[in-house]
Each structure stands twice: as structure tokens, then as C-alpha cells.
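Heads up: the structure comes next, in C-alpha cells.
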Amino acid sequence: MSTTANQKAGFGSTLWEYLTTVDHKKIAILYLIGGLFFFLLGGLQAMLIRIQLISPDNEFISAQFYNELMTMHGTTMIFLAAMPLLFALMNAVLPLQIGARDVAFPFVNALGFWLFFFGGIFLNVSWFAGGAPDVGWTAYAPLSIFSEGHGVDYYAIGLQISGFGTLMAGINFIVTVINMRAPGMSFMRMPLFTWTSFIASVLILFAFPALTVGLFLLTFDRLFGGNFFDPEMGGNVIIWEHLFWIFGHPEVYILILPAFGVFSEIIPTFSKKRLFGYSSMVFATVLIAFLGFMVWAHHMFTVGLGPIANSIFAVATMAIAVPTGIKIFNWLFTMWGGNIRLTSPMVFALAFIPTFTIGGITGVMLASAAADFQYHDSYFVVAHFHYVIVGGVVLGIFAGLIYWWPKMFGTMLNEKLNHWFFWLFFIGFNLTFFVQHFLGLMGMPRRYWKFLPDQGLDLFNLISTIGAFFMAAGTIVFLYNVIVTQLKGEKVSGDPWDARTLEWGIPSPPPFYNFKQEPLVRGLDPLWVEKRQGNGKIQPAEPLGDIHMPNNSFAPFMLSLGLFIAAFGVVYQGSMWVLAAIGFAITAGSMLYRSMKDDLGYHIHKEDLEKEGDGSNG
Amino acid sequence: MKGWMSRIKAVFALSVLALILSGCGEPFLSALQPRGEGAAMIMELMILSTVIMLFVFLVVMIIYVFVVFKFRQKKGQEDHIPKQTEGSHALETLWTVIPIILLLILAVPTVQYTFALADMNPEVNEEGEENEQIWIDVTGKQYWWHFEYEGLDITTSQEIYIPTDRRVYLSMISDDVIHSFWVPSVQGKMDVNPTGNQNEMFIQAEEEGLYWGKCAELCGPSHSLMDFKVVAVSPGEFEQWVEDMQGVTGEEVPESDTAQDGQELFSDNCLACHAVGSSPNKVGPNLTSFADRDKLAGVFDFTEENLYEWIDTKGENMKPGNMMVDAPYDLEEEEIYQIIEYLMTLSPSEITPESAENGVYQDSDLSNLFPEEEEEDDEEQEDENDEVEDEEEE
């Protein structure tokens, strides 16, 4: 049986609750913890990279270790930090925004998390097993085929496992949005965060299979004598690049679209205005997603595809700037004439607009195929994608976390510390990455363990490293804030920001069944509608009745653990095949258990619900 | 509000200062100081796109600054409810159409230059005749570069000599993993792929000079140490260099006894991988003009200590992961010095990287390099190249 949020539980039972939970709000917290852990790990790796590059010809770390750090920084930040943190937000918010009691498949939701978690842990075990992957997060063949040790095996199989989890999460959100919307919540009344998460999930559905196939071929090349990418045996290395970027480019939009969604929630709330051009925002999101699949070869302009292919992909890439521009202007005009409150989430959103515009600008410059011959694989590209991913996705994640923190935990992060965090991080970010544009144009290629003295690269590298320390300091302030806030545990109301969407119409944190009665949605920004036209409370769409809830299950954990154990057997083979047998047996057993056992869930009875107050935010 | 502004001003002043202090990088390395046709074309495109994009940025920032300052909540207005604007078709059309126009302005020259940079047809001179093409086969290896001059019977490694009066065409392939050939101040980069994916590009230097080349695709631990040089010399100097290089057989006997001993040791221990004189052997770098090189192994100062350390340790810590560590030789200290003495005699030509930097210009039309009777060969060569292009287009 589930526990209610404010019941004091022992450590053991809390742990068991989280290991077995299928509640989207608790899974959100799991994603948050996992994502933050890997974010700190990736940040630590970044700090070591920047310390190595503080001065020319530095011998702080070895070339091999540098390559491992650089590979794991990219892989960790993309797959194990940014995506889970976005999933944390989606899980915490999306069902509440559409008035659902949970996601469509709560069991699969838990399974998705545990697969991500064990995949990420497996990848990082490589540090202690003879060395992490050392071929860049892109793992270009044949370098990834020739790479010695087991690092790349850990990469291929670790990402495969966590990729399954991501794919499941994506499918789950698609079905949730299509099937679980409350009465009145039509598609064109959905909040933008729900829209962008929905579209990002569609992108996951179509993009991740390309990665799955690529990793599958890579695994076979490395472990089972395949020759897909070995040029000596007639394999073709360019196929890996295509497969990787057919996944890799939409991946960028999988990350940035939900961040767009976050800002599209925060800006209207703190401008006290509805989103300007809502329908064109939705249209732009869909268009970006669609075009996102047409442009992967702009990562490959220097591969030698020829001028025809390069020109087509150049023009297609430039086209994406149009819907992105539409979004920027819509945000600006949402604020136009508004009543802007400079709360910390809003400050993040305001910082995002110029930084993301710079990232978009350099994106268009990179799209120019001929000019890309200079930019490609230089620090210019490093600067560009950090402006997009840190200046867009990471700012979006932190803005979202601060904004929805009260909804997730019922507490409010300290505003003063939030502003300190912001300024340290934002100044550090610009110091670190702005000069890197110039480093690249001045002739510094990316993924360089060392740069040489007397090449005019010293000063900007030093500035860049100093900036990194500011970012680290900012992150520490944020962590301190989280710890202090949670220890104090001061509860806030259900709607501390005076917001507009459905999730703010219920208590913080919400009861485990979310909505006592299914809400009735009477327009875009339902809570705002009720505040202006009703009594400020969300109206129910049904009389009070029994609520059907799913049971907790330990199967997702076991199922993922089985794959984790089996993965070692697959990597080491020989006598280690025993591990694979054990692991697959655990996984198959868990699947069998899940299939054979009738689990019909349970009901919360109407009488119990009546005792708990009216469940609204009043 | 004041604190805000002064903070922004301080950051701005700092970044401007930093920019002025370091300019646009070094002329031998920076893409911002183009010294060749390709880099100059790309620079034009970079400037055009930067101007267009700065315009966009300015528009965004003007609206942004206005909005943030004008519509920030004022004291006593906490409860003010602004008008809930749904949107504006006119405005939305405006910021859809204008970006499309701006992008078209950028797209046209982009396509034009993308094709121009991929043009491998011979240049046409003032009299309307086609120039003879110099083709160089480039091979990327972990972690060095190999160059064979087609039809000229010259092989070099790490340094590529080109005349300043014309384009030099490269046909590029890798022997192991993917590398990328980049000489920022002369030309953009092109990947060097293993078997089956041969790439072509041209390089052309407007001015004599010693230009740094870099590997731009991650290729292993010593990726950052895979530098090479483009030695751009005047046509006359190039012609002399070609003649000098063609004369090397590798069997020249050096003058001093130590060097002769060194040569013997070299043939016993090194020749299996390293050739002197034109040779198809590219297991290790070709050493024909070794003593003239600007840098040792592409990145190290050319000193006896460094050279000794390299031969003694097989470069194990100097270039981590390099293939020479597997070389089976085992040499005494004295023997290494003898080999060094021999290696230092490998200077077949007056034309060295210094000639690229001393400002002496010697003219020539390079016609000596392309004697009449070889023309047929050249044509065949061109046909082959055409075929390769055709295949690529398919």
C-alpha cells in the first residue's frame, strides 16, 4: 500500500517505497537525484578538462586520461544528466498539467527510470575496470573499433541499456498526452511544456532506434567479430557517422524543446500575460521537430559528401532558424506590455533569451557549409553547442527546477541563494564559452589534450578555465540551497508563484492520487481562467468516486538489475558468460512474474477521500 | 538597477580588453588572418554571416532591453493585470518573412562557395590555357602526415612544400582511423577517411610562409600533437626544391665517419619503416629532408636532446600511443648519437622552411616540372581524377 506524503516513515521503508514506486511524482524525484548525481560527475570531469587546458603544454593529466574525461563528460552530460533532469520535470509536471492521475503506464515509467539508472552506472563502472571509453561521445569508427581495453564496450552496452529506458519513457509520455487529458483539455489548450515534452517524446520514438541500431552494430564489431565498420574487411566507417547523427541531431531538439517549454511556462506566469502567439508556438515546435530530422549531415560537411549534399543540408539547416526565431520573438512579445516580476526562474528565462540567441546565431553560421570547413571540429563548435545546451537546456532545467520545486517538494528554494547561483553560473558560463568562439577561429581544434605555446591561444584558454570555476561555485551554491531548504522543510501554499496552469490548482506537494476529482478545463491556462472568471478553484468534471490506483512493484528494479549483471558477461565473455546467464534469467524471470501475476491495483474509497478535505488549493 | 548596469559594463569592458590584447590569433595559424584563396573565400562568408547575424542579435536585444526595463513591475502595481494579448498576425508574419529573406541572402553565397571549394578542375591562366595541376597524395597516419607528389617522384612527411602561384590539389586517404586535414590560415578542413572514401581538396597560399596544419578529428591520445606544416615558397624556389628532392636516392654517403656509421646503423634498424628519398614506404615518416624540418615530430623543438629522447624512448611519452614504440630496435647511447649525426646530414635542398619566411621571391612558370613527353601521363591522371569525381557524384 502506498504511503501518503506527510506520513513520517523510517529510512528502510522510504527506501523500499522508492525502489518499488510507480508514482510519477516519486519517479520524478528519482530522476532528479540520478540526473543531479551525473550532472555533478560530468561537471567534475569538465573541471579537470579545463584545469588541463589552463596553460599551454600542461602535463596535469595524461593524454589517455584526457580522452576518457572528454568522452565521459559529453556522454554523461547528454545521456545521464540533461535527459534524466528533463524527465524529472516531465514526470513531475506533465501529468498534473493535463489533469491526469498518473502517466499511461506507471509500471513502464518505473522500468524506464531503472534502465536509465543501471545503464548509467554500468557505463561508469568502466572507470574502475581498466579505463573509460576514450573515443569522444560520438565514438566515430574505426577509432571506436580499434580502441583498446573495454571502455567502448561499456559505452555501447551502457548506452544501449539506458537507451531502452529513454525509449520507454518517450512512448509513455506520448500515450499519456494522447489518452489521459482531463475533460476540456483539448490539444490546443495544452500548456506549452506539455506540448514540447510531447513533441520531444515523438522525437525520441523516431531518433533513438537509429542509435540502438548503431550501438548494436558497434557491439557486434567489438565483441562478436562483426565487420560493419572495419575498413580492412570492407566495412564502411561513414555509415556509423550517418547512424549516429540521424539520432544525434534530433537528440539536440529532444533536449532543447522541453527547455523551450519550461520558458514558455515561466515567462507568461511572471509577466502576468498569456503566451503571445500560442498557436504559432505550437506550430514552430512541430516544425523544428520535423526539420530536425532533415539536417543531420550538417555534422558531416567535412566528411566529403560532395557539394550537392552539403548545399542541400546547409539550406535545410538554415530553415530551422525561422521557427526558432518565431519562438524568440513570441517570448519577447509575451513580456511586452506585461507586469514582469524578476523572480529567480524569470531571471533564468531572461538570461536564456540572449544566450540562446547567440547559440542560434552561431548555429546559422555553422550551417553555411563552406564556412563550416573552418568552424568544424574547432572550439567554435564547442562554444556553439555549449551556448545551446548550457545557455538553453541547463538554464531551462534549473529554471524549471526552481519554478516547480514547490510543486515537487512543497518547499521553496531560497530566492537570494537562487540569485547568487544564477549570477555565478551565468557570468562563469559566458567567461568560459564566449572566448572559445575565438579560440576555434584562431586555430584550436576541439578534443585537444594540449595546446602549444606561442600560438596565441594562452589568454583565452586561461579566461575559459577561470569561468569554469565560477560555474562550479554557482553549482555549489545551488546544492547548498537545496540541502538547507529541505532541512528546514518550510511548507508553502499550492500556488506560491500566482501561476496559470492546472498543476498549481492542487496542493503542494500533490496528494498521491493528484486530483480527487477529475478537473474540468475551461480554457488555455485553466487556473488563470478560474482566477479571473470563477472562484480561483479548479472545477471538478465528475462527482467524487473511488479512485483506481496501481500497486507498487519491485519488478522494474529487478528487470533492470538483470540486464546490468548480464552486461558484464557480454563484455568479458569466456567464463563470465555465467554472469550473462544469471542476469538474463533475472530479467526473464521478472518479465514472467509481471506477465503471470494478475495485478489489478487497488481502489481508494470515496469515504476515505471525503475525510481529506476538498483537495483543491484553497 | 545601477548595480546591474555597472556589472554589465564591467564584464563588457573586460571582454573588449581581452579581445584587443590577443587580436585575432597568430597569422600562421588563425582562420581570422587568411593567407590563402580558400581561407579568404571562407572569411568573406564568415563576415557576411556575422554581419547578418549581428543585425538579428541587435534587433532582439533592443526589443529585449526595452521590454525588460519598460515593463518591469513598478511599486504599487503588484496587482495590475495586463491585457491578455492572444497574438498578432501582422507581427508574426513579419518575423517569419524577414528571417527567411536574411537566410536567402546567406544561402546563395553559401551554395556558391561550397561548389567553388569543391572545384577540382585545372585553373585557367590569363591566356586561357589550363594550368598544369600539381596533385599530392596525402595519407593520414596516427600521428603524422605523409605526402607523395604525383608524377614528380617526391615523397615527404610532416612538411608539404607548395608554390605560391597556383592551387595544389590534394587527394586524401587515411591508413588507420579518421583524421582531418586543416591549415586554418590557408584553407578549411577536410576529413581523411580510411579505405574507400578518398577526398579531394585544393590548397593555395597567396603569400610565402610557414603555415601550421592541425589534425581536427579525434584520432587517439596524441590527436593534439599531430601537427604538420605547409611550406609555401615562391615558384622559383619550389622548382629548385623539386629538383633537389628528385636527386635524392638515399644512398648518398655522408662526409664524416660518425655519420657513415650512423647511416649503417640507420639501414639496419630504421630503414624498414623510414625511407630516405622517394619511396612508397610509409610505415613511418619519410626522412628525405629531415634535417631541414621546422619541428621534430611536428611539435617539438628541433634540438639534439629532443631527438635523442625520441630515438631512445621511441617517443613513448612524447607522443603517447604512437606506433614507433613497437619498433624492435635496441640501440646504445653512442649508436643513437651516430644515427643523429647521420640524420642531421639529410638536408638535400637549399630551400627550407626558412626560405618561406626570408622574403626572397624567385619567379618561374614551373614548366620544367611538366616536360612535354609527360603530358600524356598527366592527361591520364586527369582522366582518373575525373572518374573519381564522377563516381562521387553518383
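Coordinate-derived values only; no laboratory data. Just so you know, these numbers come straight off a predicted model, no measurement behind them. FYI the Cβ positions are ideal-geometry reconstructions off the backbone, even for glycines, and counts take in every protein chain you see.
Values as computed for the structure displayed
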quantity: Whole-number D in µm² s⁻¹ for the protein assembly as shown, Kirkwood Cα-pair radius fed into Stokes-Einstein, 25 °C, 0.890 mPa s; calculated: 80
quantity: Pairs beyond 20 Å (Cα-Cα), from A:LYS272/A:LYS531; A:LYS327/A:LYS416; A:LYS272/A:LYS327; calculated: A:LYS327/A:LYS416
quantity: FRET efficiency for A:PHE293 and B:THR93, using Cβ-Cβ distance with R0 set to 35 Å, rounded to 0.05; calculated: 0.85
quantity: Normalised per residue, the volume of the convex hull around the Cα set of the stretch B:72-153 (Å³); calculated: 294
quantity: Estimated 222 nm signal from helices in chain B, with DSSP H stretches of n ≥ 4 weighted -39500 (n - 2.57), rounded to 500; calculated: -13000 deg cm²/dmol
quantity: Degrees, to the nearest 10: A:307-335 long Cα axis against longest axis of chain A; calculated: 30
quantity: Cubic angstrom per residue, convex hull over Cα atoms of the stretch B:14-155; calculated: 256
quantity: Chain B: projected area of the alpha-carbon convex hull, averaged over directions, in nm²; calculated: 28.6
quantity: Between the stretch A:352-378 and the stretch B:55-121, the Cα center-to-center distance that results, in Å; calculated: 16
quantity: Ranked packing of A:88-97, B:202-211, B:219-228, most packed first, by mean Cβ within 10 Å; calculated: A:88-97, B:219-228, B:202-211
quantity: Chain B: angle of helix B:37-70 to the longest principal axis, Cα-based, in degrees nearest 10; calculated: 20
quantity: Helical contribution to [θ] at 222 nm, DSSP H n ≥ 4, -39,500 (n - 2.57), averaged over chain A, rounded to 500; calculated: -22000 deg cm²/dmol
quantity: Cα radius of gyration and Dmax for the stretch A:88-217 (Å); calculated: 17.7, 58
quantity: Full-stretch length increase - B:GLU129, B:LEU271 - with 0.36 nm per residue and alpha-carbon distance subtracted; calculated: 46.8 nm
quantity: Contact order normalised by residue count of chain A, Cα under 8 Å, 6+ apart, percent; calculated: 17
quantity: Mean Cβ count within 10 Å, highest first, over the residues of peptides A:123-136, A:10-23; calculated: A:123-136, A:10-23
quantity: Set of lysines with alpha-carbon distance to B:LYS229 below 27 Å, sequence-local pairs under 8 removed; calculated: A:LYS450, B:LYS141, B:LYS189, B:LYS214, B:LYS282, B:LYS295, B:LYS314, B:LYS319
quantity: Estimated FRET transfer efficiency when R0 is 30 angstrom, pair A:GLU17-A:LEU205 (beta carbons, to 0.05); calculated: 0.45
quantity: Residues in the stretch A:237-262 that a label on A:PHE216 would reach, taking backbone N under 11 Å of a point 7 Å out along Cα→Cβ; calculated: none
quantity: Integer Hz, Karplus 6.51/-1.76/1.60 couplings in order for the stretch B:193-200, x for Gly and Pro; calculated: 9, x, 2, x, 10, 6, 10, 10
quantity: Net charge contributed by nearby residues that have their C-beta within less than 14 Å of A:LEU217 (K/R +1, D/E -1); calculated: -3
quantity: Length-normalised contact order of the stretch A:464-618 in % [C-alpha pairs under 8 Å, at least 6 apart]; calculated: 23
quantity: Inter-chain Cβ neighbour average for residues A:453-463, partner chain, 10 Å; calculated: 4
quantity: Tail fraction, Cα-Cα pairs, the stretch A:153-223, threshold 19 Å, whole percent; calculated: 45
quantity: Rounded if a/c under 1.5, otherwise prolate or oblate - the stretch A:483-555, Cα gyration tensor axes; calculated: oblate
quantity: Spin-label zone in the stretch B:333-365 - amide nitrogen under 14 Å from a point set 7 Å from the Cα of B:TYR308 along the C-beta vector; calculated: B:333-341
quantity: Unit charges at the beta carbon, dipole of the stretch A:1-131: most positive-side option, A:VAL103, A:PHE37, A:GLN52; calculated: A:VAL103
quantity: Which of A:ARG446, A:ARG532, A:ARG181 has the fewest Cβ neighbours within 10 Å, and the rest in rising order; calculated: A:ARG532, A:ARG181, A:ARG446
quantity: Fraction in percent of alpha-carbon pairs per bin - 5 Å, the stretch A:443-507; calculated: 3, 12, 12, 11, 11, 11, 8, 7, 7, 9, 6, 3, 0
quantity: Estimated D of the stretch A:471-618 in µm² per second, where Rh is the Kirkwood radius over Cα pairs and Stokes-Einstein applies at 37 °C, 0.692 mPa s; calculated: 164
quantity: Partner chain coverage, peptide B:99-111 - average Cβ within 10 angstrom; calculated: 6
quantity: GNM flexibility winner over chain B from B:PHE370, B:PHE66, B:PHE115 (Cα, springs under 10 Å); calculated: B:PHE66
quantity: Kirkwood Rh (inverse of mean 1/r, distinct Cα pairs), the stretch A:233-337, angstrom; calculated: 15.4
quantity: Chain A: angle of helix A:63-75 to the longest principal axis, Cα-based, in degrees nearest 10; calculated: 30
quantity: Shielding by partners - mean other protein chain Cβ count within 10 Å, residues of B:318-327; calculated: 1
quantity: Gyration tensor over alpha-carbon atoms, the stretch B:250-377, equivalent ellipsoid semi-axes in Å; calculated: 30, 18, 16
quantity: Square roots of 5 times each gyration tensor eigenvalue, C-alpha, the stretch A:1-130, largest first, Å; calculated: 36, 15, 13
quantity: Interchain or long-range residues, amide H under 5 Å from B:LEU170's placed H; calculated: B:ILE136, B:MET201, B:PHE202, B:ILE203
quantity: From phi via Karplus (6.51, -1.76, 1.60), per-residue ³J(HN,Hα) for the stretch B:322-334 in Hz, x at Gly/Pro; calculated: 6, 6, 5, 4, 8, 4, x, 5, 9, 10, 6, 4, 4
quantity: Sites B:GLN362 and B:LEU58, calculated FRET efficiency, Cβ-Cβ separation with R0 51 Å, nearest 0.05; calculated: 0.55
quantity: Sorted peptide list for B:255-261, A:231-237, A:140-146, criterion being average Cβ within 10 angstrom, highest first; calculated: A:140-146, A:231-237, B:255-261
quantity: Length-normalised contact order for chain B - Cα pairs under 8 Å, 6+ apart - percent; calculated: 16
quantity: Simple Cβ-charge dipole of chain A, Lys/Arg +1 and Asp/Glu -1, about Cα centre, in debye nearest 20; calculated: 1540
quantity: Hydrodynamic radius (Kirkwood) for the stretch A:206-268, which is based on Cα pairs only, to one decimal in Å; calculated: 13.4
quantity: Estimated translational D of the stretch A:305-416 in µm²/s (Stokes, Kirkwood radius over Cα pairs; 10 °C; 1.306 mPa s); calculated: 99
quantity: Euclidean distance of C-alpha centroids, the stretch A:268-297 and the stretch A:549-618, integer Å; calculated: 36
quantity: Long-range HN-HN contacts of A:SER378 with modeled amide H, under 5 Å; calculated: A:ARG446
quantity: Of B:LYS70, B:LYS314, B:LYS189, the one that fluctuates the most in a GNM where chain B has Cα springs shorter than 10 Å; calculated: B:LYS70
quantity: Over 24 Å between alpha carbons, listed pairs A:LYS25/A:LYS537; A:LYS488/A:LYS611; A:LYS25/A:LYS606; A:LYS25/A:LYS491; A:LYS25/A:LYS273; calculated: A:LYS488/A:LYS611; A:LYS25/A:LYS273
